[in-house]
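See below for the structure under consideration.
The values are calculated or read from the model by the stated rules, or taken from the named source; none is laboratory data. Keep in mind that this is a model prediction, so the values were computed, not measured. Here the Cβ positions follow ideal geometry from the backbone for every residue, glycine too, while neighbour counts run over all protein chains shown. Only protein heavy atoms, including side chains, enter the accessible area calculation; ligands, DNA and RNA are left aside. Shrake-Rupley method; radii C 1.70, N 1.55, O 1.52, S 1.80 Å.
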Amino acid sequence: MSMHEITIKVNGKPRRLAVKSNELLLNVLRDKLFMTGAKYGCGIAECGACTILKDGKSVMSCLVPAVAADGWDITTPEGLADGGTLSHVQQAFIDHAAIQCGFCTPGMVVASTALLNENPDPDEEYVRDYLRGNYCRCTGYVAMVSAVLDAAQRMKAE
Amino acid sequence: MNTKFLEKEFDYLKPATLNGALEILAEKPNVKVFAGGTDLIVKCKTGAPVDMDYMLDINAIDELKAIASGDDGRLELFTNAKLSTIEKDERVIKDYPALAAAIRAMASVSVRNMASIGGNFCNASPVADAVGPVMCYKGVLRLLSKRGEREVAAEDFFLAPGVSVLEKDELFHAISLPAPAANTGSAFIKLGRVKSDIAKISITVVIERDDERIADCRIAMGSIAAKPLLVADIGQSLAGKAVTQKLIDATASEISAFIKPIDDNRTTAEYRTDVAKVIAQDAIAAAWKASGGKL
């Protein structure tokens, strides 16, 4: 099995790593870079807990061989806040109490960030459709949808 | 089943050129092409049999990600064009709306950001949503190898679940879609339990209208046989006919009687047979109206 040296830009910082061909990006982030924001949920891209951004677009890191991510520019949940200042999406999730157990929250916040990158002025249907790849078994989604819609307003007001 | 790790061991190859990829396919045994990984990695993790000693990553080959205009108004979707790129492409939305609709009905945004159109074909699932529209729009698939190039009609590509005519040394290169004739209308309908589900059943109808009559009609269905199927004879039998509700009902009944679905974990053969008639009625009517026809 081949070993590969890769460079990934993680939250703006280039990281050089040696990985085996069958190592997964999610595990490398969590176990080698100690970034445990992205979660292991289903492992087969159905639940969205492992969502990260690649060039601002959402992808599921549980299905990406780390070696295939060589040269990628990625954002993990840790990279959303600007120092101690939360992003509009993060703050809106708190303000709307769009969290219960919290396990889906990192993926949900990352996917919502991708959503607003793509469409800064979404309606409710758009948000519900977009987030259907991120499962939450606690909240019933209502607070999350209103958080994303509110985050869009806050971004516009800025 | 442990989906946390990829237990399978393999070597990883990432050629910079198309020719490099074809050489690897010609020379190495048990090569699997990695485009988006949304089928391949899932299969590896869930223990499906995957003969892979080499993973061939084609993501360094930019030309394979393109959507390009070809000769005679054709549109070429290269194998690693991402589903999310295709569903937003202006030319696809305008000329091949059933394809855009089928892709939007697939999986989640994140998966569509990763998944490739070629992968949806090469995985050769009887349920593959993007296949029906390509068949109905008369798409031709271009398969490349060091031995040369060949073209296969989309409806001739599939053999059995997971099995296609693609040879071990061949790369699924591109889908070539002809420019649609004037007065063409199309519709795609898929039934699942919730929106991002894999289909219980799907249907695509593309109708070319000649005044009050059908000039040409192509109907394709998913999840009703061991492979995605162009229901060619029933579609062709409509050519030259004036469209009435009676004709639509009769055709839908014929389709329902023709298909050979199975019971599986998504639904039953009985349900598929019953509901095939309903979605056929709706899809034929919608395609006819989209072509400018009146009912």
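Partner shielding of B:107-120 amounts to 6, given as the average count of beta-carbon atoms from other chains within 10 Å of each residue beta-carbon.
For the chain pair A and B, buried accessible area totals roughly 2600 Å², probe 1.4 Å, rounded to the nearest 100. A cut-off of 5 Å between modelled amide H atoms, ignoring neighbours fewer than 5 places along the same chain, links A:Arg15 with A:Ile8, A:Lys9, A:Val10. With a simple spin-label model that places each label point 7 Å from the Cα along the Cα-to-Cβ direction, the separation between B:Arg213 and B:Ala179 comes to 2.6 nm. Given a 1.4 Å probe and the protein chains as shown, B:Thr251 ends up with an accessible area of around 10 Å².
Which pairs in the list B:Lys94/B:Lys195; A:Lys57/B:Lys289; A:Lys54/B:Lys146; A:Lys9/A:Lys39; B:Lys168/B:Lys260; A:Lys57/B:Lys195 are over 25 Å apart, alpha-carbon to alpha-carbon? With Cα atoms farther than 25 Å apart: A:Lys57/B:Lys289; A:Lys54/B:Lys146; B:Lys168/B:Lys260. The calculated FRET efficiency for A:Gln91 paired with B:Asn265, based on their beta-carbon distance and R0 = 41 Å, is about 0.50. Just report the Cα centroid separation between the range B:72-115 and the range B:12-32, whole Å. Cα centroid of the range B:72-115 versus Cα centroid of the range B:12-32: 26 Å apart. Computed from the C-beta positions of B:Asp274 and B:Ala160, the FRET efficiency with R₀ = 30 Å rounds to 0.70. Take the Cα of B:Glu90, step 7 Å toward its Cβ, do the same at B:Ser253, and the gap between the two points is 4.7 nm. Heavy atoms of the protein chains alone define the surface here; on that basis chain B has 42 Å² accessible area per residue at 1.4 Å probe size. Here the spin labels are modelled as points 7 Å beyond Cα on the Cα-Cβ line, and at A:Arg128 and B:Lys32 they lie 3.7 nm apart. Counting only other chain Cβ atoms within 10 Å of each residue's Cβ, the peptide A:68-75 averages 2.
Counting only whole DSSP H helices of chain B, the ones at least 27 Å long by C-alpha along their axis and with mean Kyte-Doolittle hydropathy no lower than 0.0 are B:269-290. Shielding value for B:37-50 is 3, the average number of Cβ atoms from other chains within 10 Å of each residue's Cβ. Only helices enter the 222 nm calculation for chain B: every DSSP H run of n ≥ 4 contributes -39,500 (n - 2.57), and dividing by all residues gives -9000 deg cm²/dmol, rounded to 500.
Shape analysis of chain B based on the Cα gyration tensor places the equivalent ellipsoid semi-axes at 34, 22, 16 Å, largest first. Only protein atoms count toward the accessible area here, which uses a 1.4 Å probe; on chain B, the carbon and sulfur part of that area reaches 50 percent.
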